[in-house]
Amino acid sequence: MPFCASCGSAVEGKFCAKCGTAVAGSAPSGSPAATPPPVSPGGAVYATSGMADNVASALCYALGLITGVLFLIIAPYNTKKNIRFHAFQSIFLCVAAIVVSIGAGIVFTILGGILGFWITFMLGRILNLIFLVIWIYMIVSAYQGKTVVIPVIGPLAQQQA
């Protein structure tokens, strides 16, 4: 028995009785068209995700704010607590990096006259390298399925998730 591609209900003819969509001929039993599409608890039909939780968790950190917000919006992922945690922690990590970089830039500009330009320039590059190492570590650990809680922002992300 074929199923409607629009609403997922069983079809006994050329048209779906529920939504009226035309259905191309009957498919043989056991074929992909003969199995009903997945249905959410609310009744909405949606495609299953081919992405594993650890991949989605790692991708939360890929572009920082952008992918963090995306995984909080996309339907199958915004219901999973672990992925929500990594998305919030990614957002908070990016915000913290921006705030620390701006603050360090102000401090290094003031100290540039005292310590010298090259010393403060190198301190800024070391700070950027520290954030890069933390970012790569978070991507790798999330991909491995580990839940690393960053000291200050991790508990905030756990509360939000």
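Tabulated data
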{"item": "Residues with amide H under 5 Å from that of Thr21, placed H, sequence gap 5 or more", "result": "Cys16"}
{"item": "Cα-based convex hull, region 53-160, per residue volume (Å³, whole number)", "result": "89"}
{"item": "Estimated vicinal HN-Hα couplings, Hz - region 118-133 in sequence order (Karplus 6.51, -1.76, 1.60; Gly, Pro = x)", "result": "5, 5, 5, 4, 5, 5, x, 5, 5, 4, 5, 5, 4, 5, 5, 5"}
{"item": "Mean-position separation - Cα centroids, region 75-142 and region 1-21, in angstrom", "result": "52"}
{"item": "Ranked packing of 115-124, 68-77, most packed first, by mean Cβ within 10 Å", "result": "68-77, 115-124"}
{"item": "³J(HN,Hα), Karplus 6.51/-1.76/1.60, whole Hz, each residue of region 136-149, x for Gly, Pro", "result": "5, 4, 5, 5, 5, 5, 5, 5, 7, x, 7, 10, 8, 9"}
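Where a number appears in this text, it was derived from the coordinates with a stated rule and is not lab data. Predicted model only: the values in this text are computed from it and were never measured. Counting neighbours? That spans all protein chains shown, and the Cβs are built from the backbone with ideal geometry, glycine included.
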